[in-house]
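J.: Following this message is one structure expressed as structure tokens.
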Amino acid sequence: MTRPCRSALFLPASNPRGIEKARGLACDAVILDLEDAVAPEAKAEARAAAVAACRAGFGARRTVLRINALDTPWGADDLAAAFDLPVDAVLVPKVRDGAEAQHYAGALAGPALWVMIETARALSQLQPIADAVGGAGALVVGTNDLALELRCAGRAALAPVLPLVVAAGRAAGALVLDGVRNDFSDLEAFATEAREGAALGFDGKTLIHPAQIDPSNAAFSPSVEAVARARSVVAAFALPENAGKGAIRLEGRMVERLHLAEAERVLALAGLA
């Protein structure tokens, strides 16, 4: 069954109130953050809090731990703590190439590997990174850091890059998540950005505020029209006269088996398969 990841909410691991509140939110994933959201002097305490929170779990939501990079004073201890932690994934920042991603993957016993795509070098190494992550993992665009490193003016300037990340992830069978929007006061603008991300092929979006959850879920959920089309395709291929056919005619269009696979994915995302 396809497990949606439409909304992945970043939470500082040092915020116990936010962690407790997250257990009642409608996000598909919770990302406990040990990196950007935690001050240097609070790293060790936040790590201990994150481990406890991960062991308690977040119900049906994916649980992801974002650690500090290995070239920081905290990265090795973070990675050791995450080795066999009962989480769905460990998210690693500023990965530069496939070899680095493979090193992280080899250091984890149970969790899948998610990586942040937020360096200029990573853009030239997208497929090796995605291949190291594999079908169980994810590529997460770090739009803030990426724009800063490229010295470009925000998200619009990243438009040529985002489809390349999606393509690399699709080739490896990995999830691909769009970056955050810092302005959480303008939900209409956020919803527009989320719909743009969905149109590019992203599976979901990373969030920094609970108010962004509902519009993100809406943007990355199949529309009523998409579900209706998917039902039609599945029903048509299920007809006895279409058994074994690679392509059929449906409502004046040629529909192939690849469209059947996509229709089944859409219905699974909608919870109808």
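The values are calculated or read from the model by the stated rules, or taken from the named source; none is laboratory data. Since this is a predicted model, take the numbers as computed values, not measurements. Virtual Cβ from ideal backbone geometry, glycine too; neighbours counted across all protein chains shown. Each accessible area value is taken on the protein alone, full model and side chains, heavy atoms only, with ligands, DNA and RNA left out. Shrake-Rupley method; radii C 1.70, N 1.55, O 1.52, S 1.80 Å.
J.: Filter the range 137-163 for residues that are surrounded by fewer than 16 Cβ atoms within 10 Å (Cβ to Cβ) and touching a residue at least 12 places away in the same chain (Cβ under 8 Å) and give the result.
T.: Answer for the range 137-163, where residues must be surrounded by fewer than 16 Cβ atoms within 10 Å (Cβ to Cβ) and touching a residue at least 12 places away in the same chain (Cβ under 8 Å): 150, 163.
J.: Let me ask something else about it. With respect to the numbered conditions (1) part of a loop (DSSP other than H, G, I, E, B); (2) modelled with pLDDT of 95 or more; (3) closer than 22 Å to residue 52 by Cα, which one is the sole condition not fulfilled by residue 90?
T.: (1)
J.: Would you point out the residue of the range 65-87, among those that are part of a helix (DSSP H, G or I) and of a type in the set (D, E, K, R), that is least open to solvent (accessible area, probe 1.4 Å)?
T.: Top of the filtered list is 78.
J.: Test of understanding: among 227, 234, which residue is in a helix (DSSP H, G or I), in contact (Cβ under 8 Å) with a residue 40 or more places away in the chain and surrounded by fewer than 19 Cβ atoms within 10 Å (Cβ to Cβ)?
T.: Going through 227, 234 in turn, the sole match is 227.
J.: When the residues of the range 32-49 are narrowed to those that are in a helix (DSSP H, G or I) and of a type in the set (D, E, K, R), which ends up farthest from residue 80 (Cα to Cα)?
T.: Filtering first and then ranking leaves 41.
J.: Does residue 175 satisfy the condition of being within 24 Å of residue 33 (Cα to Cα), in contact (Cβ under 8 Å) with a residue 60 or more places away in the chain, open to solvent by less than 40 Å² (accessible area, probe 1.4 Å) and not polar (S, T, N, Q)?
T.: Here the answer is yes, as residue 175 does meet what is asked.
J.: Still on this structure, I have one more. Criterion first (of a type in the set (S, T, N, Q) and closer than 22 Å to residue 194 by Cα) does residue 143 satisfy it?
T.: yes
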